[in-house]
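Chemist: Pasting a structure here, questions to come.
The values are calculated or read from the model by the stated rules, or taken from the named source; none is laboratory data. Nothing here was measured: the structure is a model prediction, and the numbers come from that model. FYI the Cβ positions are ideal-geometry reconstructions off the backbone, even for glycines, and counts take in every protein chain you see. Ligands, DNA and RNA are stripped out before the accessible areas are found, and what is left, the full protein with its side chains, is counted by its heavy atoms. Shrake-Rupley method; radii C 1.70, N 1.55, O 1.52, S 1.80 Å.
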Amino acid sequence: MSASTPTNAPAQVLRPDRRRNRLGYNILALVTAGVMAFPVYWLVVSSLRPNHEIRSYDQTLWPSSLTFDNFARAVKQDNFATAIQSSLIVSVTAVVGGMIIATLAALAIGRFRFFGRKALMMIMILVQMLPPTAMLIPIYLQLNALGGIDEYWGLIVVYLVSTLPFATIMIRGFVINIPVELEESAMVDGCTRMGAFRRIIFPLLAPGLAAASIFALVNAWNEYLFAYILINDNSKYTLNVWLMTFTTERGTDYGALMAASTLISIPVVIFFMIIQGKMATGLTSGAVKG
């Protein structure tokens, strides 16, 4: 017993320090979470304030009176329904198309050996590092020459291409983590290569597709610059561009603007809550070396 006492003593001495360190990390995490959540809280609270209180210099953390008139004005704003339609068409098409192409590209890069494979991966990483504003003028000139200005397909192509590198790299991490023997066994049992992909590979790629799709949806749903430049028709404005209609020559209707911004964020939040479990698995399971 006496021999074991010195061995256990250092561990017992370090426990209070570990508790203090853990407490410090927890406090830091709570403070960080509070700082990040406060703008969202202020957005929601401002959407429930009367306009005269929003314009007041004496701001409080909680409104003195709650009102839903801001939401009523936001819903009644011109082109609200068409803006929802435009955002849904552009975002859903870009996400679905991007996931299909990214999956096929990830399979090709992860399963086959061909000349320039590593160079292709490097190019995709470099493309992700370029700021979107650096490509705005060339993209506008190309779409203008092709007749893509004021057309949904022009904006869809931009969003789809912008999500491809990230989605391909993420899904590739899953592809190389799936043993090729599973495909070979399915093909020996009579499956074609496409049948093996549909029955074996695709279910295993679901977490990676969920993680990549939420990033693609957030990118397409929240993007403003390209939508503002490439779409000039009021009836085709996406929701983020439609928010400009709350600012007129007479001023800005901040209450309705905050209410509309709150409504716009709901679909992405709902989609994230549905797939958050698979998304967390996707972010960790796809992080493999290869």
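Chemist: Tell me whether the stretch 78-85 contains one or more residues that are in contact with a Gly (Cβ under 9 Å, 6 or more places away or on another chain), closer than 27 Å to residue 252 by Cα and modelled with pLDDT under 90. Break it down into steps so the answer makes sense when it comes.
Modeler: To start, the set of residues in the stretch 78-85 that are in contact with a Gly (Cβ under 9 Å, 6 or more places away or on another chain) comprises none.
No, the stretch 78-85 contains no residue that is in contact with a Gly (Cβ under 9 Å, 6 or more places away or on another chain), closer than 27 Å to residue 252 by Cα and modelled with pLDDT under 90.
Chemist: Same structure again: Considering the stretch 49-66 alone, what residues qualify as being within 31 Å of the chain's Cα centre (by Cα) and touching a residue at least 24 places away in the same chain (Cβ under 8 Å)?
Modeler: 49, 54
Chemist: Looking at the structure I just gave you, is residue 145 of a type outside the set (Ser, Thr, Tyr) and touching a helix residue (DSSP H, G or I) at 6+ places or on another chain (Cβ under 6 Å)?
Modeler: Numbers: of a type outside the set (Ser, Thr, Tyr): yes; touching a helix residue (DSSP H, G or I) at 6+ places or on another chain (Cβ under 6 Å): no.
For residue 145, the condition - of a type outside the set (Ser, Thr, Tyr) and touching a helix residue (DSSP H, G or I) at 6+ places or on another chain (Cβ under 6 Å) - is not met.
Chemist: Filter the helices (runs of 4 or more DSSP H) completely within the stretch 158-269 down to those with at least 1 residues that are at pLDDT 85 or above and among the hydrophobic types (A, V, I, L, M, F, W, C). Reasoning before the result, please.
Modeler: Values: elements: 180-188, 193-196, 202-222, 225-230, 239-242.
Where helices (runs of 4 or more DSSP H) fall fully within the stretch 158-269 and carry at least 1 residues being at pLDDT 85 or above and among the hydrophobic types (A, V, I, L, M, F, W, C), they are 202-222, 225-230, 239-242.
Chemist: Look at residue 144 and say whether it is open to solvent by 40 Å² or more (accessible area, probe 1.4 Å) and at pLDDT 90 or above. Break it down stepwise before answering.
Modeler: Details: open to solvent by 40 Å² or more (accessible area, probe 1.4 Å): yes; at pLDDT 90 or above: yes.
In short, yes.
Chemist: Checking the condition farther than 19 Å from residue 79 by Cα and among the small types (Gly, Ala, Ser), which residue from 260, 210 passes?
Modeler: On the way: 260 fails: farther than 19 Å from residue 79 by Cα.
Going through 260, 210 in turn, just one is farther than 19 Å from residue 79 by Cα and among the small types (Gly, Ala, Ser): 210.
Chemist: Further, regarding this structure: Tally up the residues in the stretch 170-188 that are touching a residue at least 12 places away in the same chain (Cβ under 8 Å) and in contact with a Gly (Cβ under 9 Å, 6 or more places away or on another chain), please.
Modeler: 10
Chemist: Further question: Looking only at the stretch 236-249, decide whether some residue is within 26 Å of residue 173 (Cα to Cα) and open to solvent by 30 Å² or more (accessible area, probe 1.4 Å).
Modeler: no
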